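Have a look at the structure below, then the notes.
The values are calculated or read from the model by the stated rules, or taken from the named source; none is laboratory data. None of these values were measured; they are calculated from a predicted model. Please note: Cβ atoms are built from the backbone with ideal geometry, for glycine as well, and neighbour counts cover all protein chains shown. To get the accessible areas, we keep the full protein, side chains included, count just its heavy atoms, and leave off ligands, DNA and RNA. Shrake-Rupley method; radii C 1.70, N 1.55, O 1.52, S 1.80 Å.
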Amino acid sequence: MSLKPFNKLPELNTANVLLVENEALFQEKLADAIVLLENNVNVKVRLARSLPLPLENAENRPRIDLVAFIVHLNSEQSLLSAEASLKHLDSGYFLGKVCFLVTGARCGTLPYERLTSLKKMAATLNSPLLMTEDKTAEGVNAAAQRVLAVLRVAAGLVPTATGLSLSSLTRCTVAKDPDWQNEDRSHLNQP
């Protein structure tokens, strides 16, 4: 059974986010930071290791406004789990109600292919790809602020903004030529 974004009515002044992380290394710290940072609305954070969610208590589960996939670039299983979980989301989530949080992007020893694969996935799904730092309290708070900004829009709490318009502004794009970074661009700086 796929998770559907519009099968339940929204609650007044409430936003619900589902953090999906295979290894559960970062999601509890992030969940605590999200709840502590938001004072204006009631934010409920749900945690899952993967999708689909269990069928029991499905009727009592609130409407999920945003699904945030946490992917650790140092773990191939983390990426594979996120890819496998995507098929359990209704297509309505890809209208501004999904984002990807990436940790470990600063590590120089990681395979470039993982980041490229994740960028392509986010670009294909028109979903934001947020680089985050999970090792420091400042990094966790910065990640929480970013998730809250996307969540407020996805939950309809920002007047004149929709999840679809936000995703069009923040979506990940991938260069057509994989060697675009290696090109000589010195001629662009000449007057």
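Numbers below:
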{"quantity": "Lys/Arg +1, Asp/Glu -1 at C-beta; the chain dipole; positive extreme among Leu151, Leu129, Ser81", "calculated": "Leu151"}
{"quantity": "Peptides ranked, highest mean first, by Cβ atoms within 10 Å: ranges 128-141, 54-67", "calculated": "128-141, 54-67"}
{"quantity": "Ellipticity estimate at 222 nm from DSSP helix runs (n ≥ 4, -39,500 (n - 2.57)) divided over the chain, nearest 500", "calculated": "-10000 deg cm²/dmol"}
{"quantity": "Dimensions in Å of the chain - Rg and Dmax from alpha carbons", "calculated": "17.3, 66"}
{"quantity": "Residue-normalised accessible area of the chain, given per residue in Å² at a 1.4 Å probe", "calculated": "56 Å²"}
{"quantity": "Full-extension gain in nm, Asn126 to Phe6, via 0.36 nm per residue minus C-alpha separation", "calculated": "41.3 nm"}
{"quantity": "Length gained when the stretch Ser91-Leu110 is fully extended (0.36 nm per residue, less Cα-Cα span)", "calculated": "3.7 nm"}
{"quantity": "Heavy atoms of Arg49 accessible to a 1.4 Å probe, total area in Å² rounded to 10", "calculated": "130 Å²"}
{"quantity": "Rounded percent of accessible protein surface that carbon and sulfur make up, the chain, 1.4 Å probe", "calculated": "53 percent"}
{"quantity": "Furthest towards positive pole of dipole, Asn13, Val45, Leu25, structure part region 5-48, Cβ charges", "calculated": "Asn13"}
{"quantity": "Note, ³J(HN,Hα) from phi for region 55-65, Karplus 6.51, -1.76, 1.60, rounded to Hz, x at Gly and Pro", "calculated": "6, 5, 6, 4, 6, 8, 6, x, 5, 8, 7"}
{"quantity": "Across Lys29/Lys119; Lys44/Lys120; Lys4/Lys29; Lys87/Lys135; Lys8/Lys120, pairs whose alpha-carbon gap is larger than 28 Å", "calculated": "Lys44/Lys120; Lys87/Lys135; Lys8/Lys120"}
